[in-house]
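Values in this text are rule-based calculations from the coordinates and carry no lab data. In this text the structure is predicted, and so the values were computed from the model without any measurement. So basically every Cβ, Gly included, is an ideal-geometry build from the backbone, and we count neighbours across all protein chains shown.
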Amino acid sequence: KNMNVAIVGATGAVGVEILSCLETRNFPLASLKLLASKRSAGKQVAFRGQTLTVEELTPESFAGVDLALFSAGGDISRQFAPIAAAAGCVVVDNSSAFRQDPDVPLVVPEINPEAAFDHPRNIIANPNCTTIITLMALYPLHLQFGLKTVIASSYQAVSGSGQQGIAELEGQVRAIVDGHPVESKVYPKQIAFNLIPQIDNFADNGYTKEELKMLNEGRKIMSLPELNVTCTCVRVPVYRSHSISVVAQFYKPVDLELARKAFDGKPGIALMDDPATRTWPTPLDSTNGDTCYVGRMRRDLAVDNALNLWVVGDQVRKGAALNAVQIAELLASR
Ligand code: 2RA
């Protein structure tokens, strides 16, 4: 069914990638509307050999729209997603605004596709990028061994902060190479050649909201209310892909050879793992691609009945834009 689609936040890092996914995946479009702030209105954007003009987002923008893909921050989603939904539009929202709402499904198409069709508020939430990428590796293992506990550390690309994050890293590297003073606006300290152990705000328990997303979203997406997750999320000077180091403990006895086969035939995830040939995935291997990669898989030495593994994935694509478009494809398929 050809759909009338709108992209809210069309000029942002994720919005641009959503457009690319719609184009390369030949999404069944009846029409496409690009919506952004007043500042971006009027911009010309190439799409399928045509030129589209970015329009200013207003409450009236959703008339005649079947599906709206939002990636313009939580405030815009909280204000406009209910307006779009009330206009009869189904919203796929990339922000964290509705993810924990019991009436809003939180969907990774490879994990819980059926949840996408139960959206009483006409809103479907796209999970956080780090959650999506980590679960792409953990879910096949969960099916084999029953996931119990996750201990993770993430190494998150600056694209997670949008175009401004990418620009800050590039600007700082250039300044350092040229011997010019370094400016930090997006992050509290220099990110170039550095690591920042805070992503999003702190909660009362000393964790950041980013770290609690892995716990809360993991439980909801896999319907595992007993799942235990502890996570440290770190910003690293990488442009586009997130990497996560994971210790995953299971209920059923773990078998490494069986675990290595768990990804066979699973779309969107692949093993890249052979220590003998120094084969393991890096952020540059997943950047601009649709596939998440798993490597360094081994039985954990400290935690019983657990696997230790390394996962990488493109934060802008599978972490955000591609996952949202795949949800849209699920809806278009019915
Ligand atoms: C980040 N996951 O990386 C958050 C939002 N994209 O900043």
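Summary of computed values
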read-out	value
The chain - percent relative contact order, Cα under 8 Å, separation 6 or more	19
Of K148/K266; K189/K209; K38/K189; K1/K266; K209/K318, pairs whose Cα-Cα distance is over 24 Å	K38/K189; K1/K266
Computed over the range 93-200: relative contact order in percent, which uses C-alpha pairs under 8 Å that are six or more apart	17
Trypsin sites (Lys or Arg not before Pro) within the range 234-285, DSSP loop, no more than 15 other Cβ atoms inside 10 Å	R278
In degrees, nearest ten, helix 163-178 long axis to first principal axis of the chain (Cα)	70
Calculated [θ] (222 nm, deg cm²/dmol) that DSSP helices of n ≥ 4 give over the chain, each run adding -39,500 (n - 2.57)	-8500 deg cm²/dmol
In degrees, nearest ten, helix 74-86 long axis to first principal axis of the chain (Cα)	60
Per DSSP, loop trypsin sites (Lys or Arg not before Pro) in the range 157-226 with at most 15 further Cβ within 10 Å	K185, K189
Share of alpha-carbon pairs per 10 Å distance bin for the range 92-144, given as whole %	26, 52, 21, 1
Estimated distance in nm for a label pair at K185 and R219, the labels positioned 7 Å out from Cα along Cα-to-Cβ	3.9
Once exposed loop GluC sites (Glu not before Pro) are cut out (DSSP; at most 14 other Cβ, 10 Å), longest piece of the chain	1-182
Antiparallel bridges, percent of DSSP beta bridges restricted to the range 14-141 (to nearest 5)	30
The range 34-152: equivalent-ellipsoid semi-axes (sqrt of 5 x gyration tensor eigenvalues, Cα, Å)	31, 17, 13
0 to 90° range, to nearest 10: angle between helix 129-145 axis and the chain longest Cα axis	50
Stokes-Einstein D (µm²/s) once Rh is taken as the Kirkwood radius of the chain over alpha-carbon pairs, at 4 °C in 1.567 mPa s	63
Loop trypsin sites (Lys or Arg not before Pro), the range 13-119 (other Cβ atoms within 10 Å of the site Cβ: 14 or fewer; DSSP)	R25, K38, R39, K43, R48
Relative contact order [Cα under 8 Å, 6+ residues apart], the range 269-334, whole percent	28
